[in-house]
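Chemist: Take a look at this one; I'll ask things after.
The values are calculated or read from the model by the stated rules, or taken from the named source; none is laboratory data. Keep in mind that what you see is a predicted model, and the values were worked out from it rather than measured. Using ideal geometry, Cβ is built from the backbone for each residue, glycine included, and neighbour counts are taken over all protein chains shown.
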Amino acid sequence: MTDGWRAWLAQEKGAPATLVNRTDEALRVDGVTVDVEYSSVNFKDGLALMGRPGVVRSFPLVAGIDLVGTVVDSPTEEWSPGDRVLVNGCGLGETDDGGLTERARVDASWLVRVPDGLSSARAAAIGTAGFTAMLAVLAIEEHAASTGSAPQGGRPILVTGASGGVGSIAVALLASLGFEVTASTGSESSHDYLRALGASDIVDRHQFDEVGKPLQSERWSAAIDSVGGPTLANVLAQTEYGGVVASCGLASSSDLPATVMPFILRAVTLAGINSVYCPRARRQEAWDRLAMDLDLGLLDSITETVALADAQGVAERILSGSVRGRTVVDVKN
Ligand SMILES: NC(=O)c1ccc[n+]([C@@H]2O[C@H](COP(=O)([O-])OP(=O)(O)OC[C@H]3O[C@@H](n4cnc5c(N)ncnc54)[C@H](OP(=O)(O)O)[C@@H]3O)[C@@H](O)[C@H]2O)c1
C-alpha cells in the first residue's frame, strides 16, 4: 500500500489530534511494516487524542499506544509476512508513531506474537490495559511464591479503579484464577457489571478519598491499584502483614501521601508495574498467560468496538470517566 492510509496525528502541543491521510513515505526508515487491523483507547490515548500533556513527547506523532496487525514486510528473519503481531507501549504513541493508524513500521524487538487461539480483535480488547493487569497479577503471584504467603488464604484482593480498563481485566483475571476479589468503584451503575466479572464484594471508592491513619485494620491480602494518591496510601495502610500492592496507575493522582509504617511494621511490599518498557520475554509470558487465563466471553462482554474516525469521541469520554471496560478501534472501518 503506497497510496494514502489514515492515521490519528498529534500535530502540535496542546492541540487535539486530527485524522489525516499519510503515505508510506511518512513511515520510519527501519523496522517491520505492519498492516494494522486494530488498536484500542486507553487512558493515555485519551490524553494524546485530546491534546492533553503527558503522553506525546514529540510532534507530529501518530497517537495510539497499542496495535495489532499482520506483518507485511520485515528486514529480520524473525518475522515473516503474514505473522500476527501486537505491540503495547515501547514508546508507541509517545516517542514513536503509534497504533491509531492503518499502517505502521516498528522496531522488530517490540513485536509480540499474538498467541494462537486469540483473535486479533480480542488481543486489541486486552491491549495495554489487560497486559498491565496481567503484569500486576504476575507480581502478586510471584510475591506469594517468594514469601510463602497465600493471597487467597483469608482476606480478599482489592482492585481499585475497577470499572476502568486495567481494573476490569484485573477483576476478571483474579476471579478466574480463584481469588476472592473486592472491587472499588465510584460508579454505582457498575456494580452488576463488576459482579459479572467475578467480584464478590464492592466498596465505594470515596472511602479512600481522605488519607487515614498510617496503619489501619488489615482488610486486603493484596491489591491492584490504578488510582494512586490518597487511595494508594489507604490501601497500603489496610494491607495485611506480608501482603503486596501492585501500583499501576494514577487515575486520581501521582502523589503518594503515605508513611513507611506499612513497610516496616507489616512487611507490606509496594510493587511497581510498568508496561511500556517491560522486557520482551516477560511480555510474551504475560500474553501467553492472558490467552490461557482470561475468560474470552467475559472479555467480549466488556468490549465496545468503534471505527477509526470515532476514536476521538471515546477519548473525550475516557477522560471524563464515563467509559467502562475496553474500547477496540477497528482501524479499517
Ligand atoms: N503502569 C502502566 O504501565 C500502566 C498501563 C496502563 C494504564 N496505566 C495507568 O492506569 C490508570 C488506569 O488506566 P485505564 O486505561 O484503566 O483507565 P480508565 O479506563 O480510565 O480507568 C480508570 C478508572 O479509575 C477510576 N477513577 C477515575 N478517576 C478517578 C479518581 N479521580 N479517583 C478515583 N478513581 C478514579 C474509575 O473507575 P471507577 O469508575 O470504577 O471508580 C476509572 O474507570 C491510568 O492512570 C493509566 O495511565 C498504567
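Chemist: Before we move on, is Ala251 under 19 Å from Ala162 (Cα atoms) and modelled with pLDDT under 95?
Modeler: It is true that Ala251 is under 19 Å from Ala162 (Cα atoms) and modelled with pLDDT under 95.
Chemist: Against the conditions (1) more than 8 Å from the ligand (Cβ to nearest atom); (2) over 23 Å from Leu290 (Cα atoms); (3) hydroxyl-bearing (Ser, Thr, Tyr), where does Thr185 fall short? Just the number, please.
Modeler: (1)
Residue-by-condition table, conditions (1) outside any helix (DSSP H, G or I); (2) closer than 23 Å to Gly249 by Cβ; (3) modelled with pLDDT under 95:
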| site | (1), (2), (3) |
| --- | --- |
| Thr2 | yes, no, yes |
| Ala7 | yes, no, no |
| Leu19 | yes, no, no |
| Val34 | yes, no, no |
| Glu37 | yes, no, no |
| Asp45 | no, yes, no |
| Arg52 | yes, yes, no |
| Val55 | yes, yes, no |
| Val85 | yes, no, no |
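Chemist: Just to be sure before I move on: is Val68 among the β-branched types (Val, Ile, Thr), outside any loop (DSSP other than H, G, I, E, B) and more than 21 Å from Ala108 (Cα to Cα) in the structure I sent?
Modeler: For Val68, the condition - among the β-branched types (Val, Ile, Thr), outside any loop (DSSP other than H, G, I, E, B) and more than 21 Å from Ala108 (Cα to Cα) - is not met.
Chemist: So for region 288-311 (the condition being part of a helix (DSSP H, G or I), more than 25 Å from Leu232 (Cβ to Cβ), within 15 Å of the ligand (Cβ to nearest atom) and among the small types (Gly, Ala, Ser)), does at least one residue qualify?
Modeler: yes
Chemist: I've got another one for you. Which one of these does Leu250 not meet: (1) away from the ligand (no atom under 15 Å from the Cβ); (2) within 14 Å of the chain's Cα centre (by Cα)?
Modeler: The single condition Leu250 does not satisfy is (1).
Chemist: I'd like to verify a number: residues in region 209-252 that are assigned to a strand (DSSP E or B), among the charged types (D, E, K, R) and in contact with an Asp or Glu (Cβ under 9 Å, 6 or more places away or on another chain), how many?
Modeler: Matching residues across region 209-252 total 1.
Chemist: Still on this structure, I have one more. How do the pairs read when you match residues in region 170-199 that are more than 20 Å from Arg155 (Cβ to Cβ) with residues anywhere that are in a loop (DSSP other than H, G, I, E, B) and basic (Lys, Arg), using Cβ under 7 Å and keeping only pairs 6 or more apart or on different chains?
Modeler: That search, which allows pairs on different chains as well, returns Ser190/Arg324; Tyr193/Arg324.
Chemist: Now, a different point. Would you check which residues across region 149-163 are modelled with pLDDT of 95 or more and either surrounded by 23 or more Cβ atoms within 10 Å (Cβ to Cβ) or in a strand (DSSP E or B) (or both) and list them?
Modeler: Ile157, Leu158, Val159, Thr160, Gly161, Ala162, Ser163
Chemist: Kindly check whether there is at least one residue in region 222-231 that is away from the ligand (no atom under 14 Å from the Cβ), modelled with pLDDT of 95 or more, surrounded by fewer than 22 Cβ atoms within 10 Å (Cβ to Cβ) and not hydroxyl-bearing (Ser, Thr, Tyr).
Modeler: no
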